[in-house]
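A short write-up of the structure that comes next.
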Amino acid sequence: MILELRLPDIVPQMTGATAECLFAEAGDALRLGSKLVDLRVDLSSAFAQECPPISYYRIVLREKAYLRQINLQPGEYVGLDGPVALLSSSPDEPLDQTPERPLRITVAGILRHDGMFSGGDL
Amino acid sequence: MSTVPLRLGPLGAKGYSIQRSGIRWLREDGQHCRANQPIGWFNIVVEPTRALSSGVPVFGDECELQVVVAPRISGRLSVESGVSRGGYLSVRSVDPWDPDTQIGSIETGGGDVGPDAGTLRLMVLAGRRMTDLANVHGSLLSGWHSRTRGWWCDAGEAPLTLLSQGVCDANGVVLGAQSAFLEMFEAARQALQIVYVPDHPIAPCVPILLDQISRTTAQFDAIAEDVHRHFAPGGNALVPQDWMFLGTMLSELQSVPLKDTYDIISANGLQQLRAPNAVLLSLAVEPQAILRHKSLGYHMHVMRHHQAAAGPAVRAWLSTAFEPVKRTIDMIRKDYEALIDRLKQQTGARVIILNRMSSSGREDVSNYMGFDAPLGDTLSNVAAKEWNLMLHDIAETRPLDIVDVDAVAAEMGGAEHLPDGIHQSGQMQSLLLQQILGFMEGLSPPRHQQAA
C-alpha cells in the first residue's frame with residue numbers, strides 16, 4: 001500500500017513551508033513515532049506589514065511505514081498540499097501506482113534548534 | 001432629552017502658552033458616542049511666554065503634541081461649525097487654547113447630568129521622533145517615534161505611569177487600534193500615563209533591559225567607539241539601510257526608558273513625573289539564545305524582521321562581532337529576578353508581564369516518541385507551559401503581576417483570537433487591557449509626584 005505525505009495546513013494563512021531538517025532517507029523503515037521532517041512556516045508574505053510570525057513544526061509518523069521517496073531537502077520550499085514524501089507498507093512495492101491514502105502523522109510546534117538548516121542564522 | 005454643550009476645559013502650564021490647531025473629528029456629526037469615547041483631536045504647541053523665553057522648553061525633544069477629547073457622558077454628537085478649520089489650519093496650531101471653547105454638544109437621553117458633564121476629558125499625546133525627518137502630520141501620533149506617551153488626569157490628580165517595554169502582544173494592548181492609546185483612555189477611570197517604546201531595532205528582552213539600566217556613559221562611549229572603528233574603514237560600502245540601522249541602534253543603546261522622567265501638562269498645570277511606576281513586559285520576547293558582543297559583553301537581540309531592515313554590512317557585523325549565548329529556563333528566571341530587584345531598588349517600578357499561550361487546538365500529539373526529551377527543550381507548547389510556571393515561581397518571592405494570556409486565549413478560543421500565539425484580536429486585547437488596568441489600580445498613588 002502506497003501512502004503519501006503532502007504538506008498539511010498547519011497554521012492559518014500559511015502558503016507553504018521550508019524544510020529545516022530531515023530525519024530519514026529513502027529506504028528507511030520508520031516506526032510509529034519516528035521523526036520525519038522539521039519545517040519552518042514563515043508568514044512574512046501574509047503579514048509583510050507587521051512582524052511576521054515564523055514558527056517551526058515537526059512531522060512525526062503515527063504508523064509504521066517504509067520511506068520510499070522524499071521530495072524535500074533542507075532549505076527547500078514546498079507549497080501547501082505539495083508533495084513531501086511517498087511511503088509504503090512493505091519495502092519494495094512499486095511506486096508507479098496511485099497512493100491509497102495519506103500517511104497518518106502528528107504535527108506539533110517545536111523550538112528552533114542547531115540542527116536546522118537555518119540554525120546558524122542570527 | 002437634554003443638550004449638553006461640550007467645552008474644552010482647562011489645560012495649561014504657568015509661564016507657557018498653548019496654541020491649538022483646528023479639530024480633527026474621530027466621530028461625525030449625528031453619531032452616537034459612548035461616555036469617554038474619543039471624538040476628536042488637536043495638534044498643540046506649548047511655548048514659554050515672554051517672561052520665560054530664556055527658560056528650558058518643556059517637551060523639548062517631543063515635537064508631536066496632540067490632545068484627544070472625549071465626552072464624559074454618552075449621547076448623540078452635534079459638532080460646532082468652525083472648530084474644524086481644515087487644511088493646514090487643522091495641522092498647525094493657530095488658535096489659543098481657551099477652556100471655554102465649545103466644540104459641539106451631546107444630546108443625552110435625559111436624566112440629571114453632573115455639573116462637569118460638559119467639560120471634555122483630555123488625553124495629551126506626546127511623540128519623540130526617531131529623527132526630525134519623520135515629521136508626518138497625517139493622523140494621531142503618525143510618523144516614526146522612539147517613544148510615544150499619552151496621559152490623562154483631572155484636577156488634583158497625579159497620574160501613575162505604565163511603561164510598555166514589550167513586543168506586539170503587549171504593545172497592541174496598550175496602543176490600541178490607532179496606536180494612540182485610545183482604548184486605554186476610554187477604559188481607564190484612573191489618572192494614568194501610558195508610555196510606549198518600540199523595539200526598533202533592539203527587542204526589549206530582559207538581558208537588554210538589564211544592560212540598559214546598568215550601562216554607564218563610559219560603557220556607551222566604548223560601544224559607540226567600537227562601532228565607529230568597525231565601520232569607518234569601509235564607510236563607502238555601507239548602504240543607506242546600514243546607516244539608518246546603526247543610527248537607530250546607537251540611539252536605543254543610549255536611552256534608558258526604565259529611568260525616564262516626564263513633563264506633563266494638564267488641568268493641574270505643569271507636573272514632573274518620575275520614573276515609571278509599572279513596566280509591562282512580554283514573556284514572548286525572551287529568546288533561547290541571545291547575541292553577546294565578543295569584546296564589550298553587551299547583548300543584542302534583533303527580531304528577524306528587523307534584521308532584514310539592516311544592510312549587508314550591519315548583518316555581517318552582527319554575525320561576526322557577536323556570539324550566541326544559550327539561555328536555559330533557569331538563566332531566564334534569574335534574569336527576571338535581577339531586573340525586578342534592580343527596578344525595586346532604583347525606581348520602585350512594579351513589573352507586569354504577559355505570559356504565553358501554551359496550547360494549540362491544532363495539535364493532537366498521541367505519542368511523544370518523536371520528540372526529544374526533555375520536552376520543554378523541543379515542543380513549543382511544553383516550553384511555554386514551563387516558562388509560564390517559571391513566572392509563578394518568581395511571583396512567589398518577588399512582586400510580579402502576570403497577565404494571563406494563556407487562560408484568556410484558552411477561554412476565548414486561540415484559533416480565532418490568537419491565531420499565531422502573539423497577535424490578539426481586538427476582543428481579546430480588551431480583556432487583557434482590563435487585567436492590566438486592574439493591576440494599575442492596585443498600585444499606590446505616587447506620593448513623590450508634586451505639581452510644579
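Quick notes on this one:
- Candidate cross-link partners of B:Lys14 among the lysines, defined by an alpha-carbon separation under 30 Å and a same-chain spacing of 8 or more, comprise B:Lys259.
- For chain B, calculated [θ]222 nm from helices alone, where every DSSP H run of n ≥ 4 adds -39500 (n - 2.57): -9000 deg cm²/dmol
- Of the GluC sites (Glu not before Pro) found in the stretch B:41-118, no site is in coil according to DSSP while having at most 10 other Cβ atoms within 10 Å of its Cβ.
- Label-zone membership for the stretch B:272-298, site B:Met331, 7 angstrom Cα→C-beta point, backbone N under 19 Å: B:283-298
- Each Lys and Arg Cβ is given +1 and each Asp and Glu Cβ -1; about its Cα centre, the stretch A:2-112 then shows a dipole of about 400 debye.
- Solvent-accessible heavy-atom area per residue, rounded to whole Å², over chain B at 1.4 Å: 43 Å²
- Threshold 30 Å² - residues in the stretch B:381-427 whose accessible area is reduced by that much or more when the chain is no longer isolated, probe 1.4 Å: B:Pro419, B:Asp420, B:His423
- When only the Cβ of Lys, Arg, Asp and Glu is charged (+1, +1, -1, -1), the dipole of chain B relative to its Cα centre reaches about 900 debye.
- Inverse of mean 1/r across different Cα pairs in chain B, Kirkwood, Å: 23.9 Å
- Proximal aspartates and glutamates relative to B:Lys334, as straight alpha-carbon distance under 19 Å, when same-chain residues fewer than 8 apart are discounted: B:Asp211, B:Glu286, B:Asp377, B:Glu386, B:Asp393, B:Glu396, B:Asp401
- Shielded by partner chains, the stretch A:20-46 residues - at least 30 Å² of accessible area, 1.4 Å probe, vs chain alone: A:Leu32, A:Gly33, A:Lys35
- B:Ala395 paired with A:Glu63, simple spin-label distance in nm, labels 7 Å along Cα-to-beta-carbon: 4.5 nm
- Based on alpha carbons, the Rg and Dmax found for the protein assembly as shown are 27.4, 95 Å.
- In terms of overall dimensions, the stretch A:54-122 has a Cα radius of gyration and Dmax of 14.3, 44 angstrom.
- Taking a straight Cα-Cα cut-off under 25 Å and skipping sequence neighbours fewer than 8 places away in the same chain, the lysines within cross-link reach of A:Lys35 are A:Lys64, B:Lys326, B:Lys385.
- Neighbour count of at most 13 Cβ within 10 Å plus DSSP loop: longest trypsin sites (Lys or Arg not before Pro)-free window in chain B: B:15-188
- Secondary structure note: in chain B, about 75% of the DSSP beta bridges are antiparallel.
- Here B:Ile73 sits with roughly 30 square angstrom of accessible surface, probe radius 1.4 Å.
- Given chain A, longest segment not containing exposed loop trypsin sites (Lys or Arg not before Pro) (DSSP; at most 14 other Cβ within 10 Å): A:65-103
- Accessible carbon and sulfur surface of the protein assembly as shown relative to its total accessible area, %, 1.4 Å: 50 percent
- Directionally averaged projected area (the stretch B:229-372, Cα convex hull): 14.5 nm².
- For residues of B:369-379, the mean tally of beta carbons on other chains within 10 Å: 5
- Chains B and A, summed buried accessible surface - 1.4 Å probe, Å², nearest 100: 2400 Å²
- Surface accessible to a 1.4 Å probe, per residue, for the residues of the stretch A:2-112, Å²: 45 Å²
- Kirkwood Rh, Cα atoms: Rg over Rh of the stretch B:172-279: 1.07
- Per residue, the convex hull volume that the Cα atoms of the stretch B:18-123 enclose (Å³): 111 Å³
- For chain A, convex hull volume per residue from C-alpha positions, Å³: 99 Å³
The values are calculated or read from the model by the stated rules, or taken from the named source; none is laboratory data. Just so it is clear, the model here is predicted, and its values are computed rather than measured. Quick reminder, even Gly has a Cβ in these numbers, built from the backbone with ideal geometry, and neighbours come from all protein chains shown. These area figures cover heavy atoms from the full protein model, side chains too; ligands, DNA and RNA do not enter into them. Shrake-Rupley method; radii C 1.70, N 1.55, O 1.52, S 1.80 Å.
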